[in-house]
Amino acid sequence: MTTLLRKAYFAICFFIFTLITPMVSPFADDIDAQINALAQGGFSDRAKIISALAETGDARVAPALDALANGLLYIQKLGGKVVIIEKAGSNYKLTDPITLEPLGEEPKGAFSKIKVNNRLRRGVRDALGGLRLRSKNPADRLAAAEDVFKSRDPAAIPLLDAALQAEQDAEVRKVMKLSLRLGDVYKRQAQNIWYGLSLGSVLLLAAIGLAITFGVMGVINMAHGEMVMLGAYTTYVVQDVIRQSFPHMFEVSLLISIPLAFIVAGGVGVAIERGIIRYLYGRPLETLLATWGISLALQQTVRSIFGPTNQEVGTPEFMSGAFEIGQMAITYNRLYILVFSIIVLLTLMP
């Protein structure tokens, strides 16, 4: 009876093996087909193939991706097979990108280079990092986590986070957690730097106005911030009128409100100079106190008309949304403000 059971057990194992074996070959063929497909299409097509190769988690794709990033992946003009090449005198030495077996030598003219750009190189770098983090060898995973820790690259956070969820080795998990914390800190620092630049650009515009006023008139204008306030409320009023009466023109509301904001703020400035400041030239303390009183009056006037709460200025479609650089979100409205500030600064520079 025991012998009969043993035979039945081996028969079942053999049957399962015969079912599994045919499944392995197509998988290898699929990887080979994807690597050959790197030579087809444009950069966007190659980016999709790189992502698909990384999703396989198969370490055999790493040499091909590394060769692609380093400009060593070529396609044979006859046969259409993708190979890794290396100079060998006047010829090229060929290597299979999956098995790494030598394929002999051929003249240079028999190949075409598979081109890459910086975006693809970044994609390859991320793919290779993900493959190393999912390696079957704990030492490779540990080395990959340590590399992330040393590089402090916020772009590696998603890959590292996904690898941490599946990691079982305690030592590797420890290093991955440290790398994640450090990468997250650097990501927040980069985001804060961007917020600081965008806020600083607004303060730069205000400082330029103060410098011009003092340089031309010799007056320290304590009501300068209220001039900016008047421009902002002019924009709000224009947008409110457009929303109520001409909603189809909202996308161009800023093109209308910005010139009007300059006119309103400039008009109030002229009135202040003609009515008060002209009598106080050469008396800096008096002009400082006078403009401070004007600032209080302007604040109270606006508060009486529009109320004490902030009013919303709408963002047109072309200034809405954001894009990412690494893991840092760049909003279009902050980018426009920064660019506008730089243009104003360069225009006013002698």
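The values are calculated or read from the model by the stated rules, or taken from the named source; none is laboratory data. Small disclaimer: the values here were computed from a predicted structure and weren't measured. Every residue, glycine as well, gets a Cβ built from its backbone with ideal geometry; the counts of neighbours run over all protein chains shown. Areas reflect the complete protein model, heavy atoms only, side chains present, ligands, DNA and RNA absent. Shrake-Rupley method; radii C 1.70, N 1.55, O 1.52, S 1.80 Å.
In region 66-91, the residues that are closer than 14 Å to Glu106 by Cα and among the basic types (Lys, Arg) reach residues that are part of a helix (DSSP H, G or I) and open to solvent by 50 Å² or more (accessible area, probe 1.4 Å) with C-beta atoms within less than 9 angstrom, at least six apart or across chains, in these pairs: Lys77/Gly109; Lys87/Lys108. Restrict the check to region 324-346 and report whether at least one residue is more than 21 Å from Leu199 (Cα to Cα) and in contact with a Leu (Cβ under 8 Å, 6 or more places away or on another chain). No: region 324-346 contains no residue that is more than 21 Å from Leu199 (Cα to Cα) and in contact with a Leu (Cβ under 8 Å, 6 or more places away or on another chain). Within region 283-297, the set of residues being open to solvent by less than 90 Å² (accessible area, probe 1.4 Å), free of Cβ contacts under 8 Å to residues at least 12 places away in the same chain and over 14 Å from Met217 (Cβ atoms) comprises Gly293, Leu296, Ala297.
Taking Gln40, is it surrounded by fewer than 19 Cβ atoms within 10 Å (Cβ to Cβ) and free of Cβ contacts under 8 Å to residues at least 12 places away in the same chain?
Criteria met by Gln40.
In region 306-341, the qualifying residues are those that are under 17 Å from Val228 (Cβ atoms) and β-branched (Val, Ile, Thr), and the one that is surrounded by the most Cβ atoms within 10 Å (Cβ to Cβ) is Ile337.
If you check Leu285 against the conditions, is it closer than 17 Å to Thr315 by Cβ and either out of contact with any helix residue (DSSP H, G or I) (no Cβ under 6 Å at 6 or more places or on another chain) or among the small types (Gly, Ala, Ser) (or both)? Taking the combined requirement at face value, the residue does not satisfy it. Residues that are modelled with pLDDT under 80, within 19 Å of Val116 (Cβ to Cβ), of a type outside the set (S, T, N, Q) and touching a Phe, Trp or Tyr at 6+ places or on another chain (Cβ under 9 Å) are absent from region 56-75 altogether.
Here are some conditions: (1) within 16 Å of Phe214 (Cα to Cα); (2) touching an Asp or Glu at 6+ places or on another chain (Cβ under 6 Å). Tyr281 meets all but one. Which one does it not meet? Of the numbered conditions (1) within 16 Å of Phe214 (Cα to Cα); (2) touching an Asp or Glu at 6+ places or on another chain (Cβ under 6 Å), the odd one out for Tyr281 is (2). So, in region 85-108, of the ones that are outside any loop (DSSP other than H, G, I, E, B) and in contact with a helix residue (DSSP H, G or I) (Cβ under 9 Å, 6 or more places away or on another chain), which residue ends up modelled with the highest pLDDT? Step by step, filter region 85-108, then rank; the result is Thr95.
Among the residues of region 43-74, the ones that are outside any helix (DSSP H, G or I) and open to solvent by less than 30 Å² (accessible area, probe 1.4 Å) come to 3 in all. Scanning region 259-282 for residues that are open to solvent by 60 Å² or more (accessible area, probe 1.4 Å), in a loop (DSSP other than H, G, I, E, B) and touching a helix residue (DSSP H, G or I) at 6+ places or on another chain (Cβ under 9 Å) yields a count of 2. Contact map, region 215-239: first residue open to solvent by 40 Å² or more (accessible area, probe 1.4 Å), second residue not in a helix (DSSP H, G or I), Cβ cut-off under 6 Å, separation 6 or more or different chains; pairs are Tyr236/Gln311; Tyr236/Val313. Restrict the check to region 312-335 and report whether at least one residue is aromatic (Phe, Trp, Tyr), at pLDDT below 80, part of a strand (DSSP E or B) and out of contact with any Pro (no Cβ under 9 Å at 6 or more places or on another chain). Within region 312-335 (the criterion being aromatic (Phe, Trp, Tyr), at pLDDT below 80, part of a strand (DSSP E or B) and out of contact with any Pro (no Cβ under 9 Å at 6 or more places or on another chain)), the answer is yes, since at least one residue qualifies.
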